[in-house]
Every structure is written in C-alpha cells, then in structure tokens.
1. Return the total of residues in region 57-78 being more than 14 Å from residue 145 (Cα to Cα) and touching a helix residue (DSSP H, G or I) at 6+ places or on another chain (Cβ under 8 Å).
2. From the list 151, 164, which one is more than 33 Å from the chain's Cα centre (by Cα), open to solvent by 30 Å² or more (accessible area, probe 1.4 Å) and touching a residue at least 12 places away in the same chain (Cβ under 8 Å)?
3. Any residue in region 230-246 that's under 16 Å from residue 217 (Cα atoms) and open to solvent by less than 80 Å² (accessible area, probe 1.4 Å): show its pairings with residues that are assigned to a strand (DSSP E or B) and of a type in the set (Gly, Ala, Ser) at Cβ separation under 6 Å, as long as the two are six or more apart or on different chains.
4. Quick one: is residue 215 in contact (Cβ under 8 Å) with a residue 24 or more places away in the chain and within 30 Å of the chain's Cα centre (by Cα)?
5. In region 105-161, which residues are in a strand (DSSP E or B) and among the basic types (Lys, Arg)?
6. Going through region 128-139 one residue at a time, which ones are free of Cβ contacts under 8 Å to residues at least 60 places away in the same chain and either of a type in the set (D, E, K, R) or surrounded by fewer than 16 Cβ atoms within 10 Å (Cβ to Cβ) (or both)?
7. Look at residue 176 and say whether it is open to solvent by 70 Å² or more (accessible area, probe 1.4 Å), modelled with pLDDT of 95 or more and at negative phi.
8. So, residue 95, is that one part of a strand (DSSP E or B), touching a helix residue (DSSP H, G or I) at 6+ places or on another chain (Cβ under 6 Å) and crowded, with 16+ Cβ neighbours inside 10 Å or not?
Amino acid sequence: MRKSLWWLAGLTLGASFSCHTPYLSAAPKEDVAALLQRQTQELMDATSDGKASVWDKYLDPGLSYTTEEGTVLTKEKMVGDTKPLPAGVSGTIKVTDFKVTVHGLVAVATYVSDEHENYHGHQLHCQYRSTDIWRKTPAGWRLIGGQVMPLRTDPPSIQLKAALLDEYVGRYSLTPEITYEIRRTATGLEGQQNGRKPEPLLAEAPDDLFVPGKVRYRRIFQRAADGHVTGFAERREAWDIVWTRLP
C-alpha cells in the first residue's frame, strides 16, 4: 500500500511539473508596436543620413509606396533615391503618435513624421502623416506598402490697411440662394455664408484672404479695369468657384 501511495504521489508531481514546464519556458510575446516603431525610426534616420542599406533591409521587394506628391514608388526607386543631403542642408525626423493594428501576419501602422530642417541657414519645420503596411516574413517584418501626406498649416498673415479692408466689405453671390457676406470687425474682417456661422478672414497678401484652419482654401479677389472689387474666386487647390459681388 505504501509503495502504491508513493508511486501515485510521484506520478501526480510528475504530471504537475510536465504541465507547467511549457508555460514557464514559453517565449515572451513579441511587442510588434515597439518593433515597428523602432524600424520606422531607423528608416527616418536613414533618410537624413542617406543610408540606403537600411531601406534595402526593411523594404519588401514588392513594395508599393505613394509619396506626398502622389507618385507611386517601388523598392528599387526608394532605395536608389536615398542619398546623403546636399551641402548646406541638414535635419532630423522624429516618429511620433505611432499606432499599430496587427492582423495576423500583417500590421497597419500610422504615425507623424516631425521634421526639422536647416536649409542653408533657414529653419524649416514640416510634419507628415503616414500609413504603412508591414508583413511578417521569415527575415522579420518588412514594409509592403505605404502612403504619406503633408500636414498643412496656415500661412503667415499680414496686416492690411483699413482702406483696403473696406474694399472687400459687401455681399457676394454664388447662386441666387447662396450668398456670402464680408464685414468689418474690431480686428479686421469676418465672412459668413448664409445659413452658416461667421468665420475670421486673414490676409496672406493683398486680395488674397484665407480662413484659419482651412488650409486648402483661398479667396482671391477679382477687380474691374477701374480697380473696384467685382467678386472673388474661392480657390480649392487648383480649382476656382467664382462668387460675384452684389450691388
């Protein structure tokens, strides 16, 4: 009986140890977000340093990448274009706001590239929002696709003389039902489309006004031969919507 009990006890302990051993020896779970952020920062550093070998390492041979200009690049093109910055130009790019969603062997990352550049003594600051697609391969995570877009900001504004501001005041018509009124305020100008809230108007240049926060839009004022304002073109990128001044 005693021998049987010792045998059972040994069997129980052995089973317990064998059940827990795989758990104790399991490899730690991969931190994909930290890994991809580190690799992305390496790519940004290689852009500043002109190290094409880093891009060659992390880009998949079948990569398809859309630039901020809308050009689609291959791995060969991106690696070939990675060169040291020319004399008089230097800068750094910091990866911020990095987020990753993992879908099995594929991961989608979005982040902001915060760039500071010294261009022949002039300090420039630009930001870009990127979305990258990574695939896990036997060699590691490799970039298979991506797209980048610039994050625009308002242009510097200038102060126009009061007499010039007064020339823009009035009502403008897009259609008989859609109008836009420009009024003077204590600090400058404001505009309001019927049915909408008023919005401040700032000047980028004479006859060129913009609404803060609407970085894709400008209001380019048009004049008759005698110089008086006849309307404005609401410029959206390269397209104009023309408003006519009402009497």
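1. The qualifying residues number 0.
2. Values: 151 fails: more than 33 Å from the chain's Cα centre (by Cα).
The match here is 164.
3. So the pair list comes out as 240/233; 242/233; 243/231.
4. Criteria met by residue 215.
5. Correct list: 129, 135, 136, 142.
6. Going through region 128-139, the residues free of Cβ contacts under 8 Å to residues at least 60 places away in the same chain turn out to be 129-131, 133, 136, 138-139.
Those that are free of Cβ contacts under 8 Å to residues at least 60 places away in the same chain and either of a type in the set (D, E, K, R) or surrounded by fewer than 16 Cβ atoms within 10 Å (Cβ to Cβ) (or both): 129, 131, 136, 138, 139.
7. Yes: the conditions hold for residue 176.
8. Yes: the conditions hold for residue 95.
The values are calculated or read from the model by the stated rules, or taken from the named source; none is laboratory data. Quantities reported herein were computed from a predicted structural model and do not represent experimental measurements. Because the Cβ atoms are built from the backbone with ideal geometry, glycine has one as well, and the counts that use them run over all protein chains shown. The area values use the complete protein model at the heavy-atom level, side chains included, leaving out ligands, DNA and RNA. Shrake-Rupley method; radii C 1.70, N 1.55, O 1.52, S 1.80 Å.
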